[in-house]
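Visitor: Handing you this structure, nothing more for now.
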Amino acid sequence: MNWLTENKIPVDDAAEAAFDWLQINGAWFFDSLALAMERLIDGILWLLQSPPPLLIVAIFALLTWVIQRDWKVVAFVIVGFLFILNQGYWEETTESLTLVLSACLVCMGIGVPIGIAAAHRPRLYAWMRPVLDLMQTLPTFVYLIPAIVFFGIGLVPGLIATVIFVLPAPIRLTQLGISSTPTALLEAAEAFGAKPSQTLWKIELPYALPQIMTGLNQTIMLSLSMVVIAALVGADGLGVPVVRALNQVNTGLGFESGLIIVVVAIMLDRMLRVGGR
């Protein structure tokens, strides 16, 4: 067996050479991407932190009512935000919501069109499937290394790592929803002379809406799961007190900040749970 271990395939050397080449030749691209992500993050953060907290709570309550039409869910969202304010985690919560909302905008903006293309082209999806599997199964800490190399520290590398980890969810669920459109509906649309674009917008997307909304829900939940990991690369938010509690072995602080993350996750899940409607 010595010959097998002595003739090691240079995976690490190849990966390091690839990252070095990208860092040298793709600096303009990564700088432009970082600038765009910074402006997106700054814009969302300004929208969440500039108004009074109670106004933001009222806006989220109104949005919940528009989506759910259920006063109990609205009351739960209001109580959840008031609990966050009571515990003194409003700034950290808005920073984490900024990361989550930014990841949702990027992932849904990229994932839904790719999912539609994959549903219409089975060979494309067959080629994409192992790539999506790799993106979801590769340990998330591995994403942090190139993110730090290309983007430094802060919210931007946390957002990039989150997007890479979360992106397969909207792609898979959009592809599932579009490809499961009944053949009878597609044949009826074709019989009435519908163009491919009309079939997409009036037949396939409405039918796939529950799956697409499930993809949005999964995007939010997976993004929240990256909050603590993103804190390791300097991203502000609810992950910072969790990491601080871990370093200090502070059980109370860890449970308190972890509970806030759970409350935020449940609120967002209840707000956007419209897949069955």
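The values are calculated or read from the model by the stated rules, or taken from the named source; none is laboratory data. Just so it is clear, the model here is predicted, and its values are computed rather than measured. Here the Cβ is made from the backbone with ideal geometry for all residues, glycine too, and neighbour counts use every protein chain on show. Accessible surface areas use protein heavy atoms only, side chains included; no ligands, DNA or RNA. Shrake-Rupley method; radii C 1.70, N 1.55, O 1.52, S 1.80 Å.
Visitor: Could you say which residue among 249, 228, 262 is within 27 Å of residue 75 (Cα to Cα) and either open to solvent by 50 Å² or more (accessible area, probe 1.4 Å) or modelled with pLDDT under 80 (or both)?
Guide: Working: 249 fails: within 27 Å of residue 75 (Cα to Cα); 228 fails: within 27 Å of residue 75 (Cα to Cα).
Going through 249, 228, 262 in turn, the sole match is 262.
Visitor: Assess whether residue 176 counts as being open to solvent by 20 Å² or more (accessible area, probe 1.4 Å), in a helix (DSSP H, G or I) and under 25 Å from residue 133 (Cβ atoms). Don't jump to the end; show me each part of the working.
Guide: Values: open to solvent by 20 Å² or more (accessible area, probe 1.4 Å): yes; in a helix (DSSP H, G or I): yes; under 25 Å from residue 133 (Cβ atoms): yes.
Yes.
Visitor: Another question, if that's okay. Whether any residue in the range 58-65 is over 28 Å from residue 236 (Cα atoms) and part of a helix (DSSP H, G or I) is what I want to check. Don't jump to the end; show me each part of the working.
Guide: Residues of the range 58-65 over 28 Å from residue 236 (Cα atoms): 65.
Right, trim to part of a helix (DSSP H, G or I) and you get 65.
Yes: one or more hits.
Visitor: Does the range 103-125 include one or more residues that are part of a helix (DSSP H, G or I), open to solvent by less than 40 Å² (accessible area, probe 1.4 Å) and within 24 Å of residue 242 (Cα to Cα)?
Guide: Taking the range 103-125 as the starting set, the residues that turn out to be part of a helix (DSSP H, G or I) are 103-120, 122-125.
The next check asks that each one be open to solvent by less than 40 Å² (accessible area, probe 1.4 Å); those that pass are 103-104, 106-108, 111-112, 115-119, 125.
If we keep only those that are within 24 Å of residue 242 (Cα to Cα) too, we end up with 103-104.
Within the range 103-125, one or more residues are part of a helix (DSSP H, G or I), open to solvent by less than 40 Å² (accessible area, probe 1.4 Å) and within 24 Å of residue 242 (Cα to Cα).
Visitor: For the range 231-242, enumerate the residues that are open to solvent by 30 Å² or more (accessible area, probe 1.4 Å) and not in a loop (DSSP other than H, G, I, E, B).
Guide: 240, 242
Visitor: Looking at the range 185-221, which of the residues that are polar (S, T, N, Q) and open to solvent by 40 Å² or more (accessible area, probe 1.4 Å) is nearest to the chain's Cα centre (by Cα)?
Guide: Within the range 185-221, the match that is nearest to the chain's Cα centre (by Cα) is 218.
Visitor: Name the residues in the range 67-92 that are in contact (Cβ under 8 Å) with a residue 40 or more places away in the chain and assigned to a helix (DSSP H, G or I), would you?
Guide: If we filter the range 67-92 for residues that are in contact (Cβ under 8 Å) with a residue 40 or more places away in the chain, which is where we start, we get 67-68, 73, 76-77, 80-81, 83-84, 87, 89, 91-92.
Within the range 67-92, 67, 68, 73, 76, 77, 80, 81, 83, 84, 87, 91, 92 qualify.
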